[in-house]
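Below: one structure, written as structure tokens.
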Amino acid sequence: MLSTDTANPSTVLDSLIVGAGISGLSLARALDSSPGKILVAESQSRVGGRIVTASEGGFLWEEGPNSFLPTPALMKLVVDVGLKDELVLADRRLPRYVYWNGQLMPVPMSPPAMVASQLLSFKGKLRALFGALGFVPPAMAFDLNSSGGEETVAQFFGRHLGREVKDRLVAPFVSGTFAGDPDKLSAAGAFGRVVRMAEIGGGLLAGAILSRKQNKKPQEPLDPRIPKTQRGELGSFREGLDVLPKAIAAELGDALKLEWHLIGLRSTERQTYLAEFSTPSGPTRIESRTVVMATPSYVSADLLEPLNSELSEELRGFPYPSVACVVLAYPAEAFSGDLNGFGNLIPRGQGIRTLGTIWSSSLFPGRTPKGWHLLINFIGGATDPEIANLNSEQIVDIVHGDILTTLLRQDVKPKVLAVHLWKRAIPQYNLGHLQRLENIDRALANLPGLYLCSNFSDSVALGECVRRAGEVAATVRQYLERG
């Protein structure tokens, strides 16, 4: 049985990381993974958290995140763990679509495309242009008072860019990406960078220009090992996203423990933390100078209750709506046209329950047998909580009916590859989000050596999880050096 001896300081770990999703794994790799220095404990029998890649009969698909933006931190990690040659990048020119009034309409990705777009009326385009230039009405005092001084995503974008942009572009993006409700999400919490731009320049266009000037830094020398990418490209790997967490896990070796369930955590008089685990080989006790909770907020809330009840209460305040990922395959001839694009989003109120569909076989070719198309669909979220009460067959029937309306030209029975219901899917940055984060930081100040590193703070994107893990790792190292 692996256990530290609380009477012998030499056996005390530097860092205990709870959770082996991409956040915990990235953080562990950024720290010293020498034996006896760190330990990563994961309650499941696998690593990767929400990253789930599966394959069957020549099909390859994702049941959680589907791709990533190739951010500098993430690309460096990819190269460092030896996955450079496995990297695949989707064509950035692939169009995105919104289903509106019975038609799939391309999302305008440039000013000329916006002018020519049929998704917005002439009046809607004019309203968006004037708003972007800074002709923006002030936030209504009544609305701010009713929401604690904050604007929702719907209020902010409606005020700046008009109702059409809000309803036909922003709202489907929010429901498809965050599984959120634009009438509940905090604009400053979910779109902080955009809100800051508007505050700096008085309008989004001027704010973008000023922000670029203010944030302009001396260009760092490019790492020749890192592949060059273009704006708008999305990445994955030949064998799917889960090769990344698996590669990090292989490097960690014995510093990673699976099926270790943390059942208790307490502080000691030595300014360390004592963790009690249930493991396949029996109860185990670990003492560590620092502890990083790389777990969903509701998991951290339960584990940290004995240490600080106020912190636990704040962590329980993040909603996690249910989302079902439904993976269906159809023969190519069943579609009404060439399936060439990233996928489609569907605004609420269009008679379609599915939030959006990723055209996976178009995004990353080679993931289906010849003559088939693979669709990854998402349904549920904050605007449709009842999806959690349906069984897999019912969910498939709804999604197939939606695809028949939006994409198919004939009713062909799909090949059902997966129905993965995430009971608690994506943390919501609702009104009060920033205040909640401040409250959490104040509570953590009373628990030196304890840190949080998870996607409930500022972004759920994979690249941002890696970036955040690097920042937390730097903070942990500073604490240990002061030790």
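The values are calculated or read from the model by the stated rules, or taken from the named source; none is laboratory data. Treat the numbers as computed from the prediction; the structure is a model and nothing was measured. Positions of Cβ are generated from backbone atoms using ideal geometry, with glycine treated the same way; all protein chains shown enter the neighbour counts. Just the protein is used for accessible areas: all its heavy atoms, side chains included, with ligands, DNA and RNA removed. Shrake-Rupley method; radii C 1.70, N 1.55, O 1.52, S 1.80 Å.
Here VAL78 clears all of (1) open to solvent by less than 50 Å² (accessible area, probe 1.4 Å); (2) closer than 30 Å to THR368 by Cβ; (3) touching a strand residue (DSSP E or B) at 6+ places or on another chain (Cβ under 9 Å); (4) not in a helix (DSSP H, G or I) except the condition numbered (4). Can you name the residue in the range 111-128 that is more than 29 Å from ASP402 (Cα to Cα) and under 30 Å from the mean Cα position of the chain (by Cα) and is also most open to solvent (accessible area, probe 1.4 Å) among such residues? Looking at residues that are more than 29 Å from ASP402 (Cα to Cα) and under 30 Å from the mean Cα position of the chain (by Cα), I get PRO111.
Please determine, by comparing only the residues of the range 372-404 that are open to solvent by 10 Å² or more (accessible area, probe 1.4 Å) and in contact with a strand residue (DSSP E or B) (Cβ under 6 Å, 6 or more places away or on another chain), which one is nearest to TRP61 (Cα to Cα).
Here is the first cut: in the range 372-404, the residues open to solvent by 10 Å² or more (accessible area, probe 1.4 Å) are 372-373, 378, 382-386, 388-394, 396-398, 400-402, 404.
Now restrict to residues that are in contact with a strand residue (DSSP E or B) (Cβ under 6 Å, 6 or more places away or on another chain): 372-373, 378, 392, 396, 402.
Details: TRP372: 13, HIS373: 12, PHE378: 13, SER392: 18, VAL396: 17, ASP402: 20 Å.
So the residue we want is HIS373.
Here TYR320, TYR298 are screened, and the one residue that is outside any helix (DSSP H, G or I) and at pLDDT 95 or above is TYR320.
Those strands (runs of 3 or more DSSP E) of the range 255-295 in which at least 2 residues are without any contact (Cβ under 8 Å) to a residue 40 or more places away in the chain and more than 16 Å from LEU480 (Cβ to Cβ), considering only elements entirely within it, cover 273-279. One residue stands out among those in the range 66-75 that are outside any helix (DSSP H, G or I) and touching a helix residue (DSSP H, G or I) at 6+ places or on another chain (Cβ under 6 Å): the one that is surrounded by the most Cβ atoms within 10 Å (Cβ to Cβ), which is PHE68. Does ARG436 satisfy the criteria of being touching a Ser or Thr at 6+ places or on another chain (Cβ under 7 Å) and either touching a residue at least 24 places away in the same chain (Cβ under 8 Å) or surrounded by fewer than 18 Cβ atoms within 10 Å (Cβ to Cβ) (or both)? Criteria not met by ARG436.
One residue stands out among those in the range 335-368 that are among the polar types (S, T, N, Q) and in a loop (DSSP other than H, G, I, E, B): the one that is farthest from the chain's Cα centre (by Cα), which is SER336. In the range 81-99, of all residues being closer than 11 Å to PRO227 by Cβ and either small (Gly, Ala, Ser) or in a helix (DSSP H, G or I) (or both), the one that is nearest to the chain's Cα centre (by Cα) corresponds to LYS84. Just one of the numbered conditions (1) in a helix (DSSP H, G or I); (2) among the hydrophobic types (A, V, I, L, M, F, W, C); (3) farther than 22 Å from PRO106 by Cα is not true of VAL419: (1).
The residue that is most open to solvent (accessible area, probe 1.4 Å), among those in the range 336-347 that are out of contact with any Pro (no Cβ under 8 Å at 6 or more places or on another chain) and on the phi < 0 side of the Ramachandran plot, is ASP338.
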